[in-house]
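The values are calculated or read from the model by the stated rules, or taken from the named source; none is laboratory data. In this text, all values refer to a predicted model and were calculated from it rather than measured experimentally. Here the Cβ is made from the backbone with ideal geometry for all residues, glycine too, and neighbour counts use every protein chain on show. Each accessible area value is taken on the protein alone, full model and side chains, heavy atoms only, with ligands, DNA and RNA left out. Shrake-Rupley method; radii C 1.70, N 1.55, O 1.52, S 1.80 Å.
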Amino acid sequence: MHKLSGASLFTVGFALILAVILWIATTAPPATMFSNPAFAQYRGKQIDYFALGDSVASGHGLDGATGKCLQSSKAYPYTVSDALKRRYHKVNFSPQHHLACSGAKVGNLQGQVDYVVKHLSADHPTLVSITIGANDFEFYKEKRMKKLLLPRRTGVIGGGTSEADFKKWADAKATEVKKQLLPEVTRLILKPKVVVVITDYYNP
């Protein structure tokens, strides 16, 4: 995922992603690590963990980020794995379970979910974390974002979008993200002993 200059772009962008996350959370079947009864009997035993998503989950920009997906062992999924080890005797999080890829959009999530579904265990629970959506809003296209985010007559070169125009664009993008994300999340949480956590993005 590309970075932009200007905290304002991040602020608006992450607010939009958070809105999508909240929409998923309120419309998809509820499931959490601690409320799911299927997990209670496995506490302290074994768990599989898969990390899906974009550059935030892959570790792009962190030490040791390599390969076409720019994955790093310093990425947050490895911190999650370490935390799980304090609750389970065995945590299965191999490099093959780190599926997040820099630049990924929601449309790329299907392939990642396909891999998880193919490798689900019938014997113990699975936790799946997902960080996705920012690339779909294309905030890395700085000139376009300036035009969208900066109102007319501000004296800023590149500005020129009314609030109504921006809302129309944001709503259309959010609807597109929802449409693609919901089926993939649902595919996972309808499987036995699977819990999905959708993360937010850090707002600098």
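Of note:
- Selection count, the range 96-137, where residues are farther than 23 Å from LEU62 by Cβ and acidic (Asp, Glu): 2
- When VAL117 is tested against (1) within 13 Å of the chain's Cα centre (by Cα); (2) assigned to a helix (DSSP H, G or I), exactly one condition is not met: (1).
- LEU109 being part of a strand (DSSP E or B), in contact (Cβ under 8 Å) with a residue 60 or more places away in the chain and either within 13 Å of ARG187 (Cα to Cα) or open to solvent by less than 30 Å² (accessible area, probe 1.4 Å) (or both): no
- All positions within the range 164-204 that are of a type in the set (S, T, N, Q) and in a loop (DSSP other than H, G, I, E, B): THR199, ASN203
- Residue that is modelled with the lowest pLDDT [pool: residues in the range 78-92 that are within 19 Å of ASP123 (Cβ to Cβ) and open to solvent by 30 Å² or more (accessible area, probe 1.4 Å)]: ARG87
- The residues of the range 145-204 include none that are modelled with pLDDT under 75, under 30 Å from PRO77 (Cα atoms) and open to solvent by less than 30 Å² (accessible area, probe 1.4 Å).
- All positions within the range 112-137 that are aliphatic (A, V, I, L, M) and either closer than 18 Å to ILE189 by Cα or open to solvent by 10 Å² or more (accessible area, probe 1.4 Å) (or both): VAL113, VAL116, VAL117, LEU120, ALA122, LEU127, VAL128, ILE130, ILE132
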